[in-house]
Amino acid sequence: MDPIIIKSVLFLAGLGCVCGVVLSIASVVFHVDEDPRVEAVLDVLPGANCGGCGFAGCSSFAAAVVNDPNVGAGGCVAGGADVAEKVGELTGKSAGSAEPMISVRRCVKDDGQVALKYEYQGVPSCAAAHKMGGADACEYSCLGFGDCVKACPFGAMIIHNGLVRIDPALCIGCGVCVRTCPRGILEIIPANARVMIYCSSIDKGKAVSSVCKAGCISCLACTKKCPAKAIKLVDKKIVIDHKKCLEYGDECEMACLKACKKRKIIRVRGNIVEMKQAA
């Protein structure tokens with residue numbers, strides 16, 4: 001055999017041995033003992049990897065809840081109260097009272113009879129359609145191609161008649177859909193929220209009415225009538241502080257509903273009806 005080949009083989013073999021020794025030493029020197037509670041917490045998590053906890057996945061949350069004193073035991077929205085209690089037992093942290101959350105759609109383009117500017121024939125994706133400006137006359141409407149439906153880890157969303165419909169019985173408020181929607185028309189709110197504004201337009205008056213008969217015109221009547229001061233105009237969009245609304249209770253007699261000229265502040269539970277009609 002050619003001596004050059006033999007030398008090359010021996011050199012590579014020697015280099016491999018040296019690298020193996022270095023890696024072995026490094027594994028000992030830099031070894032970090034993993035807290036067994038991390039694996040135990042991971043075992044009780046649902047494994048949805050939805051990101052609703054604010055971390056990249058279940059393993060990241062497990063490590064954080066064990067090692068970071070600022071991460072609470074109730075961070076897993078997919079697991080709910082049962083998982084929070086188990087995580088609390090394993091970590092010695094308080095499970096707290098995780099409030100159930102759901103996603104809602106801030107768009108009623110069907111009721112508003114929003115017309116089409118043109119027939120979109122591009123890639124059937126909300127992200128792609130949004131880059132093209134969307135086919136709807138309202139630039140704040142649900143595009144209806146279902147990027148959020150595909151992203152939802154819990155099958156809580158469907159597209160029906162060009163609008164996403166959300167099933168509160170399946171939605172756990174993980175927020176994946178909110179991060180997916182290119183138009184920002186999805187919002188996470190408490191599951192027991194009393195009222196919700198179903199419009200995401202930041203335009204006013206005629207600019208809204210000319211494209212959507214049911215759109216919020218930002219007349220601010222609801223903000224003035226709400227005794228709890230729970231409704232405000234933030235970044236040109238009407239928002240509800242649901243904590244304030246719920247704490248005030250029924251004493252307000254739904255003053256916002258009565259004040260809304262467009263009657264587009266409606267009860268959240270309307271989404272359940274939508275899902276039944278679409279089924």
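A few points about this structure:
- Those residues of the stretch 126-147 which are out of contact with any strand residue (DSSP E or B) (no Cβ under 8 Å at 6 or more places or on another chain) and of a type in the set (A, V, I, L, M), in sequence order: Ala127, Ala128, Ala129, Met132
- Taking the stretch 130-145 as the range and being in a helix (DSSP H, G or I) and either touching a Phe, Trp or Tyr at 6+ places or on another chain (Cβ under 8 Å) or within 12 Å of Gly184 (Cβ to Cβ) (or both) as the test, only His130 passes.
- Selection within the stretch 45-62 - out of contact with any Cys (no Cβ under 9 Å at 6 or more places or on another chain), surrounded by fewer than 19 Cβ atoms within 10 Å (Cβ to Cβ) and part of a helix (DSSP H, G or I): Ser59
- Any hit, the stretch 118-129, residues being without any contact (Cβ under 8 Å) to a residue 60 or more places away in the chain, part of a loop (DSSP other than H, G, I, E, B) and either assigned by TED's automatic domain parsing to the domain that holds Gly57 or under 24 Å from Gly74 (Cβ atoms) (or both): no
Per-residue answers, yes or no, for (1) farther than 22 Å from Ala115 by Cα; (2) modelled with pLDDT of 90 or more; (3) not aliphatic (A, V, I, L, M):
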{"position": "Met196", "(1), (2), (3)": "yes, no, no"}
{"position": "Cys199", "(1), (2), (3)": "no, yes, yes"}
{"position": "Asp203", "(1), (2), (3)": "no, yes, yes"}
{"position": "Ser210", "(1), (2), (3)": "no, yes, yes"}
{"position": "Cys219", "(1), (2), (3)": "yes, yes, yes"}
{"position": "Ala228", "(1), (2), (3)": "yes, yes, no"}
{"position": "Ala255", "(1), (2), (3)": "yes, yes, no"}
{"position": "Glu274", "(1), (2), (3)": "no, no, yes"}
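- The residue that is farthest from Gly52 (Cα to Cα), among those in the stretch 151-166 that are touching a residue at least 60 places away in the same chain (Cβ under 8 Å) and under 14 Å from the mean Cα position of the chain (by Cα), is Ile166.
- Leu143 under 21 Å from the mean Cα position of the chain (by Cα), modelled with pLDDT of 95 or more and closer than 25 Å to Cys76 by Cα: no
- Condition broken by Cys148, with the remaining ones in (1) in a helix (DSSP H, G or I); (2) without any contact (Cβ under 8 Å) to a residue 12 or more places away in the chain satisfied: (2)
- Residues of the stretch 63-101 that turn out to be in a helix (DSSP H, G or I) and either of a type in the set (Phe, Trp, Tyr) or farther than 22 Å from Gly155 by Cα (or both), as a count: 13
- Of all residues in the stretch 236-263, those that are free of Cβ contacts under 8 Å to residues at least 40 places away in the same chain have Cβ atoms under 7 Å from Cβ atoms of residues that are surrounded by fewer than 15 Cβ atoms within 10 Å (Cβ to Cβ), 6 or more apart or on another chain, in Lys244/Lys229; Tyr248/Pro227; Cys252/Pro227; Ala255/Pro227.
- Residue list for the stretch 220-234, restricted to those being out of contact with any Asp or Glu (no Cβ under 9 Å at 6 or more places or on another chain), assigned to a loop (DSSP other than H, G, I, E, B) and surrounded by fewer than 16 Cβ atoms within 10 Å (Cβ to Cβ): Leu220
- Qualifying residue in the stretch 195-213 (condition: in a loop (DSSP other than H, G, I, E, B), of a type in the set (A, V, I, L, M, F, W, C) and under 20 Å from the mean Cα position of the chain (by Cα)): yes
Each row is one residue, and each column tells you yes or no for (1) at pLDDT 85 or above; (2) of a type in the set (S, T, N, Q).
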{"position": "Met1", "(1), (2)": "no, no"}
{"position": "Ile4", "(1), (2)": "no, no"}
{"position": "Ala13", "(1), (2)": "no, no"}
{"position": "Val18", "(1), (2)": "no, no"}
{"position": "Val29", "(1), (2)": "no, no"}
{"position": "Ala62", "(1), (2)": "yes, no"}
{"position": "Asn70", "(1), (2)": "yes, yes"}
{"position": "Gly75", "(1), (2)": "yes, no"}
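The values are calculated or read from the model by the stated rules, or taken from the named source; none is laboratory data. All values derive from a computational prediction rather than experimental measurement. Counting neighbours? That spans all protein chains shown, and the Cβs are built from the backbone with ideal geometry, glycine included.
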